[in-house]
Amino acid sequence: MTSYGFSTRAIHVGQDPEPITGAVTVPVFQTSTFAQDAVGKHKGYEYARTGNPTRTALESAFASMEGAAFGVDFASGLAAEDAILRMLEPGDHVVMGNDAYGGTFRLISKVFGRAGIGWSASDLTNPSDLAENWPENTKLVWVETPTNPLLTVVDIEAVAEVAHANGAMLVVDNTFATPYLQQPLSHGADIVVHSTTKYLGGHSDTVGGFVATNDGEVDSHLRFIQNAVGAVRGPWDVYLTLRGAKTLAVRMDRHNDNAAAVVDLLSGHSAVSTVLYPGLESHPGHAAAKKQMSGFGGMVSFRVLGGRDAAIRIIEAAELFILAESLGAVESLIEHPGAMTHLSAEGSPLEVPDDLVRLSVGIEDVSDLLADLEHALGAA
Ligand SMILES: *Cc1c(COP(=O)(O)O)cnc(C)c1O
């Protein structure tokens, strides 16, 4: 199966027709336990916290999409991050980007910080800085690219080199790019983490997380932690995420196209001061994005003239773009990071400008999206 293309693997890996009935779609194995043939002799499944066939199907498919040998499905993106961070021991240190996702910052600083794990937040767009100021006992470097909500791009290969030279592992949060546009393991990352709540599920109907790796020891750790702690999803949610991901490639192609058209409109608009999008040649991370991504994705942020009030007027005037947190699904969303999603990063070194608007550009008809934005920008 590994020789097949991306979409073929998304649709087929781990998803052979069910052997008893021939069902073409992976069934929702709604069961907590599995009958055993004899004491200690089972068919690969004993208890659904430890493993469930619907979950196994998703794990095989998603690992294949990331080009990974192993993958584990988790109850949420943050549950997946938590399981990775539990590899650390008191006294260890983790370096994250200075604009890490708010929930990641909160988990590392407020949960693991209390458990004796040191942390720091650096500008990872400048890997030589990290090399020169390497914090002692760093075991993990945590990269997000592109970042939320500023769409900063980090050169995965360059940071991997610094991390590995110092004996640390590199984790990449690939939520914004998705495995269709970027496969961090092929650029030197050791572990990839996703919030499958976003593009992989793609329909705003489930919360989930996923970790991919080629490192068998990391995989064993993750499975041990998941079984010991219990951060699993029920099979219905797993089924919906797997179903959503079958169309990831076609959705991402449309997200890319629609976002490019939105960026065009914003770039020429008198109410807009700056557009943040890795696909723009003027974006500081454009070269790195071109090197490691096959498309620039559906997330667009922009700053407006007229400050916070103008930003909020625009956000509230939009009709088709729904005012909501989250991202990555078929419908377009608009939000104010300063007052909404960035609040979980309280205490972070990152100041999000209050004239910033974030869009998750969906896959609706682009003419409708542009008309809605044109109308909303008029309210500035
Ligand atoms: C949403 C998100 C997370 C957290 O995932 P949940 O599924 O909400 O727990 C982590 N990283 C990024 C980049 C995200 O957008």
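Miscellaneous remarks
- Among Val193, Val250, Val24, residue whose mean-square fluctuation peaks in a GNM of the chain (springs only between Cα atoms under 10 Å): Val24
- Region 235-317 - Rg and Dmax from Cα coordinates, angstrom: 16.1, 49
- For region 323-380 versus region 253-311, the spacing of their alpha-carbon centroids is 12 Å.
- Alpha-carbon Debye profile of region 1-78, log10 I(q)/I(0) at 0.11, 0.15, 0.27 Å⁻¹: -0.34, -0.62, -1.28
- In order along region 238-244, phi translates into HN-Hα couplings of 4, 4, 5, 5, 5, 4, x Hz, rounded to whole numbers, per the Karplus curve 6.51 cos²θ - 1.76 cosθ + 1.60 with θ = phi - 60° and x for Gly and Pro.
- Summarising the amide proton neighbourhood of Thr138: residues at separation of 5 or more, or on other chains, whose placed amide H is nearer than 5 Å comprise His93.
- Backbone HN-Hα couplings from phi across region 167-184 [Karplus 6.51/-1.76/1.60, Hz, Gly and Pro as x]: x, 10, 9, 10, 9, 10, 7, 9, 4, 6, 7, 6, x, 5, 9, 7, 10, x
- Most fluctuating residue given options Phe321, Phe176, Phe224, as computed from a GNM of the chain linking Cα atoms under 10 Å: Phe224
- Taking the DSSP beta bridges with both ends in the chain, the antiparallel portion is around 55 percent.
- Extension gain for the segment Thr50 to Glu281, taken as residue separation times 0.36 nm less the Cα-Cα distance, is 78.4 nm to one decimal.
- Overall, the anisotropy analysis places region 249-377 in the rounded class: the square-rooted eigenvalues a ≥ b ≥ c of its C-alpha gyration tensor yield a/c less than 1.5.
- Nearest-0.05 FRET efficiency for Val24 and His375, computed from C-beta distance (R0 35 Å): 0.20
- Partner lysines for Lys198 [C-alpha distance under 26 Å; skip if fewer than 8 residues away on the same chain]: Lys110, Lys246, Lys290, Lys291
- Between the listed residues Pro179, Ala245, Ala121, the Cα displaced farthest toward the positive end of the dipole of region 6-245, a dipole computed from Cβ unit charges relative to the Cα centre, is found at Ala245.
- Comparing Gly91, Met293, Val154 along the charge dipole axis of the chain, the residue lying farthest to the positive side is Gly91, per the Cβ-charge model.
- Å² per residue, accessible surface of the chain at 1.4 Å: 41
- Cα shape, region 150-212, gyration tensor, a/c 1.5 rule: prolate
- Divide the volume of the convex hull around the Cα atoms of the chain by the residue count and you get 137 Å³ per residue.
- Mean ellipticity per residue at 222 nm, deg cm²/dmol - from DSSP H runs of n ≥ 4 across the chain, formula -39500 (n - 2.57): -10000 deg cm²/dmol
The values are calculated or read from the model by the stated rules, or taken from the named source; none is laboratory data. Quantities reported herein were computed from a predicted structural model and do not represent experimental measurements. So basically every Cβ, Gly included, is an ideal-geometry build from the backbone, and we count neighbours across all protein chains shown. Surface areas here come from the heavy atoms of the whole protein model, side chains and all, with no ligands, DNA or RNA. Shrake-Rupley method; radii C 1.70, N 1.55, O 1.52, S 1.80 Å.
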